[in-house]
1. In terms of modelled amide H atoms, which long-range or inter-chain residues lie less than 5 Å from the amide H of residue 159?
2. In whole Hz, what ³J(HN,Hα) sequence does the stretch 21-34 give by Karplus (6.51, -1.76, 1.60; θ = phi - 60°), x for Gly and Pro?
3. In the chain, which longest range has no GluC sites (Glu not before Pro) that are both DSSP loop (not H, G, I, E or B) and surrounded by at most 15 other Cβ atoms within 10 Å?
4. If I build a Gaussian network model for the chain, linking alpha-carbon pairs within less than 10 angstrom, which residue out of 55, 152, 81 has the largest mean-square fluctuation?
5. At q = 0.09 Å⁻¹, what log₁₀ I(q)/I(0) does the stretch 2-224 have when each alpha carbon counts as one equal point scatterer in the Debye sum?
6. Please give the calculated 222 nm ellipticity per residue for the chain, where each DSSP H segment of at least 4 residues contributes -39500 (n - 2.57) and the sum is spread over every residue; nearest 500 deg cm²/dmol?
7. Over the stretch 167-225, what is the relative contact order in whole percent, taking alpha-carbon pairs under 8 Å and six or more residues apart?
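Just so it is clear, none of the values below were taken in a lab; they were calculated from the coordinates. Since this is a predicted model, take the numbers as computed values, not measurements. Note that each Cβ is placed from the backbone with ideal geometry, even for glycine, and that neighbours are counted across all protein chains shown.
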Amino acid sequence: MIAALLALFLQVNELTAEEKAEGYVLLFNGRDLAGFKPAAPRWHVEDGELKCRPVDRKTEDTFTAAPLWTEQAYENYVLKVDFKTDKNPESGHSAVILRSEPAKSREPSAIEVSIYGPNRKVGHFCTGAFRYHLNAPSKAAVRPAGEWNTFVLTVSGGWIEVELNGEKVNQLDLDEWTQPGKRPDGSAHKMTRMAPREMPIRSTIGFREDHGTPVWFRNIKLKPL
C-alpha cells in the first residue's frame, strides 16, 4: 500500500510541469517499447519498467547481447534516466550508450556510461565510469543494491557530463581525445577503432545488455539542447 501511494506522487514515466516547461520529452511511455528498435528480444516492459530478461547460461549457451536502441537519433541533449540493478550488490553490468559508430551494436567504439552493482570500487568498472577505460568517475554515488538511481547525462558538442543521484561524478571533453586508444595525457584506453573526438555527433541512444545480467530502467526523459 505504501509503495503504491509513493508511486502516485513520484509521477513514474510522466513529465512534471517543470519538465514540460523546460522542453523535456518522454522516451519511454511505461507501457510498451514504442520509440525503440525491435531487434532486442530480451527487453520487455513489466510493471511500468523497462527490463532486460536475465540469462541462464546453463541453458542459453549461445547468448548474444543486443542493446535496446531508440528509433530516433539525437545530437545535443540532457538525458534523465532512472535505473537499478538487482538485490545482489555484486550484480550489474550495463550502460547507457550516448554515441556509437553507425551500424555497430557492440564495438569498443562508443561513448557509454557504465552501470554496475554498488560493491564495485571507484575505477573503470563502477557506475558512472565511461566504458572502455576512457575515464573513471571521481566518486562512488550509487545507492544500495535494488534501489533506484538517477543519471542526468548532458551531451553538448564535445562535452559530456555525468551526474549520478545529484552528484557530478564524471566528464569528458571529446575535443581533447584526438587519438584512437590514447587519452589526452598519452596513456592507453580500450577504444582503439577510432578517436573519441571522431565519434558521430548525432546518434541513437542505447541501453546495453551484457552477460544477461538483469537491469531495470524507467523515467527516461530527454531535453534537446
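1. Long-range HN contacts for residue 159: 174.
2. 5, 7, x, 5, 10, 7, 9, 9, 8, x, 10, 7, 9, 4
3. In short, 148-225.
4. Sorting by GNM fluctuation, first place goes to 55.
5. Ignoring solvent entirely, the Cα scatterers give -0.34.
6. My calculation for the chain gives -1500 deg cm²/dmol from helical runs alone.
7. In percent, rounded to a whole number, it is 23.
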